[in-house]
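Here, each number is a calculation from the coordinates, and none is a lab measurement. For clarity, every value in this text was computed on a predicted model and none was experimentally measured. Positions of Cβ are generated from backbone atoms using ideal geometry, with glycine treated the same way; all protein chains shown enter the neighbour counts.
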Protein chains: 2
Amino acid sequence: MNTTVSIIAKQAKQASNKLATMDTKTKNKVLLAIRNALIANQEKILEINAQDMKEALKLLENKEIKPSVYNRLKLDENKLQDMIHEIEGVIMLEDPVGKVLIERELDEDLILKKITVPIGVIGVIFEARPDVITQISALAIKSGNAVILKGGKEAINTNRVLLGIINATLKGFPEFPENVLNQVYTHAEVEEMLKAEEDIDLIIPRGSNHLVKYIKEHTRISVLGHADGICHIYVDENASLELAKSVIVDAKCQYPAACNAVETVLINDKFKWTIDLLNHLKNNGIELIEKPETYAYEYGEKKLALRTVVSVDEAIYHINKFGSHHTDCIISRDENNIKKFMNEVDSAGVYANVSTRFADGYRYGLGAEVGISTNKTHARGPVGVEGLTIYKYTLEGKGQIVADYASGKKSFHHKDLI
Amino acid sequence: MNTTVSIIAKQAKQASNKLATMDTKTKNKVLLAIRNALIANQEKILEINAQDMKEALKLLENKEIKPSVYNRLKLDENKLQDMIHEIEGVIMLEDPVGKVLIERELDEDLILKKITVPIGVIGVIFEARPDVITQISALAIKSGNAVILKGGKEAINTNRVLLGIINATLKGFPEFPENVLNQVYTHAEVEEMLKAEEDIDLIIPRGSNHLVKYIKEHTRISVLGHADGICHIYVDENASLELAKSVIVDAKCQYPAACNAVETVLINDKFKWTIDLLNHLKNNGIELIEKPETYAYEYGEKKLALRTVVSVDEAIYHINKFGSHHTDCIISRDENNIKKFMNEVDSAGVYANVSTRFADGYRYGLGAEVGISTNKTHARGPVGVEGLTIYKYTLEGKGQIVADYASGKKSFHHKDLI
């Protein structure tokens, strides 16, 4: 089946094979040129974005899109500045490709190496937010991967112009392979991407729970991401009231729509200050839901489900059962309970006495964030650029054959050289 | 949907949460007891296996199973000895759980750790070979994972007795959770396993290409494995004839049914000793196929597809296009061509001047082999016990909130402590 997308994916795969061996210096030179091109084209970008915003305003007025989508669509000078800083940040990142993880002499003159390499072709499907174009393009170049981008239809013109500027810059580097950065525009093309398992190695969805769930259910390609962010805070028997107040308000109110915002608070029935705590939450504009229809729900606004538990064990059980394995926290002064909670909660992030909102690649010091994953394989939690790499083994010898080792004529000595 | 398998999977998930925190000493004590139980029950195991063999012999005579399946089914004292040694090997392995990969002070009293943890519940679907039961059980215990095993129907009684002995041993350890090692027996149950994506985190198929392909096409759970093993050897212009002879014969004949056996030889048209080389291969009983119907085929017997190429680039192109990204080798004395080949061939193993048959966890010194993967995420090539782990992030603080960092009141200093 030679659809447009399958051809794009095949070309991207070939491009990725060439890009895989590009040296760090060249990649950084290219990234710097992209940064400069964005600065030079600032007016053009803002102009086209203003057009997209105008159309989006109509959609907003007709309630065809949400205010949150409308807001994320907008680029201004500050936002552009952020995008440019982000590219500078990617230039500063250590090259994740070519790291030697193992160098081992299996026997004399028989050297095994395990070396990080790019994954290949990555499909990124996102909503609104044209800044994803520049961020993912930069991360792809740095990590040696080709990408196929599909953004929100509301930002279609901004997205087209942004990638146009980047690809025009790349044409100035004859050593840079063609077809590394690709864009598609329609839902039908997304459907084809999800089927292109021969050539696309990883799909990263960035957007609503609905989008992520849809993608996970419609592809056999590995998906890096998270659908739900149902985060918990458990207030232990001897928690500090002041600490609980401050951490829960931050975890709920600092950005209620974030995936790492808290959705359910579990309170130990022996905690003495429950009424004070709940009053404080209400005074901060949080609606408390004592008997929710389900505990497996992400409000995304200033609402909190509440539940009383009798022990740290019950809290752990609740979190592992109803949570989304994203980020969960215990507030306690009991070292044993903290240790138990950290060990037994099966989540990407398990916290003690600190806001769940810290779950973020930049805050973790990863230098960049590709996304947050609740997967149990490959990458979990906030994923930095190393999440876009895998490894290969190389083995160099002088004609060694397995028959000699099977017969006992020779034997392995497995000596690590690094 | 509460099918038998979905209940088994849920119980396994709960068991895995408990097993995840078990200390190395206890796990090794349990493994030693299993080793001893296998020794003590040697006669019982051989007896039941003899019954399975008797039934299998009828199937073999009626050509309902292949000789290879029949042979792999058989346990004798030597094979049992190997199984026992394998468990001893797993006891000696470093515990892959609890390794601190990152310990970073994000700010004063705000400590991030990235720690290896078990994946959770692993489904292992294999054909014949009852030794997989003991091997995977030992690896699961060591890595803190629960498993659901499904073996070949020809070995059903041997498999049942083997896991029975192991689980009876586990009952002697009250601290060891129930339901860690589970077994199912029918194809219908496999179908249910493939759908249990809520509770099963990884599927490992071990068997024919057909089995692996079927599984990859029928589940959304991550699959660790490889369907095809279409390995190549490229003979470069200036290759040593003697080295080429010896390496190709080993890579094809030492065990032709292995996934890392060579299937296609590409010969540079400027190589001067092609006729000598081909005569040598024929004299070793290898059937040479000059114009195969497809280059994307795994013979699994003493047959080799041949193709003439004009350059290392054409060889690389051929391998990336027709290969299965398993293990591919260049035979050359040209350092530049070797380097190009190592860099640009997109396979789990890329070799120079050495037999492809070295692609194996034990030969690589991984201590054990869970399987060989051609995936581009999580684990690639021969996978050791660390392929059964992922990581979690823990963050411990003293009430820090994100609002303070967003407002600029505080800032991160990201100091690595290890």
Which of B:Gly120, B:Gly144, B:Gly89 fluctuates most in a GNM of chain B (C-alpha springs under 10 Å)? That residue is B:Gly89
So, in nm and shortest first, the distances from B:Gly172 to its counterparts in the other copies, with label points 7 Å along Cα→Cβ, work out as 7.3
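Quick check: from the Cα gyration tensor, does the stretch B:231-358 come out rounded (a/c under 1.5), prolate or oblate?
Rounded shape, in that the Cα axes give a/c under 1.5.
How high is the relative contact order of chain A? Use alpha-carbon pairs under 8 Å, at least six apart in sequence, and give a whole percent.
19 percent
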Residue ranges of DSSP H helices in chain B that stretch 20 Å or more (Cα, own long axis) and have mean Kyte-Doolittle hydropathy of at least 0.0 are B:24-40, B:156-170
Within the set B:Thr264, B:Thr134, B:Thr394, GNM on chain B using Cα springs under 10 Å gives the largest fluctuation to B:Thr394
Checked against a 28 Å limit on the C-alpha separation, the offending pairs among B:Lys27/B:Lys79; B:Lys79/B:Lys99; A:Lys27/A:Lys79; A:Lys303/B:Lys114 are B:Lys79/B:Lys99; A:Lys303/B:Lys114
Between A:Leu59 and B:Glu217, the FRET efficiency computed from the C-beta separation at R0 = 56 Å comes out, to the nearest 0.05, as 0.90
Copies of B:Leu59 compared via label points 7 Å along Cα→Cβ give distances in nm, shortest first, of 5.7
Here the relative contact order (percent) of the stretch B:231-358, from C-alpha pairs under 8 Å and at least 6 apart, is 34 percent
Partner shielding of A:352-363, taken as the mean number of other chain Cβ atoms within 10 Å, equals 6
Per the charge dipole of the protein assembly as shown (beta-carbon charges, Lys/Arg positive, Asp/Glu negative, Cα centre), the residue among A:Asn283, A:Ser407, B:Ile115 reaching farthest to the positive end is A:Asn283
Once the dipole of the stretch A:231-358 is set up from charges on Cβ (+1 Lys and Arg, -1 Asp and Glu), the residue from the list A:Cys231, A:Val310, A:Ser347 lying farthest towards its positive end is A:Cys231
Given unit charges at Cβ for Lys, Arg (+) and Asp, Glu (-), the dipole magnitude of the stretch A:231-358 about its Cα centre in debye, nearest 20, is 220 debye
Each residue of A:382-395 has, on average, a number of other protein chain C-beta atoms within 10 Å of its C-beta equal to 5
Which residues qualify? For B:Gly123, with a placed amide H closer than 5 Å and at least 5 residues away or on another chain, they are B:Ile148, B:Asp201, B:Leu202, B:Ile203, B:Ile204
Shape call for the protein assembly as shown, from the Cα gyration tensor axes a ≥ b ≥ c (a/c under 1.5 means rounded, otherwise prolate when a/b beats b/c, else oblate), comes out oblate
Computed for chain B: size of charge dipole around the Cα centre, +1 on C-beta of each Lys and Arg, -1 on C-beta of each Asp and Glu, debye to nearest 20, value 440 debye
Percent antiparallel among DSSP beta bridges confined to chain A, nearest 5, equals 35 percent
The alpha-carbon pair-distance distribution computed for the stretch B:108-198, with 10 angstrom bins and whole-percent values, is 15, 44, 27, 8, 5, 2, 0
Per the 1/(1 + (r/R0)^6) rule, R0 = 45 Å and r from the Cβ atoms of A:Lys409 and A:Glu94, FRET efficiency to 0.05 is 0.55
When A:Tyr299, B:Tyr362 are ranked with the fewest other C-beta atoms within 10 Å first, the list becomes B:Tyr362, A:Tyr299
In the A-onto-B rotation, chain A's nearest residue to the axis by C-beta, with distance in whole Å, turns out to be A:His378, 2
Looking only at lysines whose Cα falls under 22 Å of A:Lys74's and that sit 8 or more positions away or on another chain, we get A:Lys44, A:Lys54, A:Lys58, A:Lys63, A:Lys66, A:Lys150, A:Lys153
Partner aspartates and glutamates whose C-alpha sits under 17 Å from that of A:Lys195, ignoring same-chain residues fewer than 8 away, are A:Glu217, B:Glu217
The long-range amide H neighbours of B:Ala239, using H built 1.01 Å from N in the peptide plane and a cut-off of under 5 Å, are B:Arg333
Partner shielding of B:370-377, as the mean number of partner chain Cβ atoms within 10 Å, equals 5
Here the FRET efficiency for A:Lys282 versus A:Tyr317, based on Cβ atoms and R0 = 22 Å and rounded to 0.05, is 0.20
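Based solely on its DSSP helices, what 222 nm [θ] is calculated for the protein assembly as shown when runs of n ≥ 4 H residues each add -39,500 (n - 2.57) and the sum is averaged over all residues, nearest 500 deg cm²/dmol? Display every interim value, and only then the final one.
On the way: 28 runs with 342 residues, N = 836.
Helix-only estimate at 222 nm: -13000 deg cm²/dmol.
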Listed residues A:Asn260, A:Asn279, A:Asn145; largest mean-square fluctuation, Gaussian network over chain A with Cα springs below 10 Å, found at A:Asn279
Rounded to whole Å, √(5λ) for the Cα gyration tensor eigenvalues of chain B, largest first, gives 40, 33, 19
Links exceeding 20 Å between C-alpha atoms in this model, out of A:Lys302/B:Lys113; B:Lys270/B:Lys340; B:Lys213/B:Lys302, come to A:Lys302/B:Lys113; B:Lys213/B:Lys302
If labels are modelled 7 Å from Cα along the Cβ direction, A:Lys213 lies from its partners in the other copies at nm distances, smallest first, of 3.5
Of B:9-16, B:80-87, A:51-58, ordering from highest average Cβ density within 10 Å down gives B:9-16, B:80-87, A:51-58
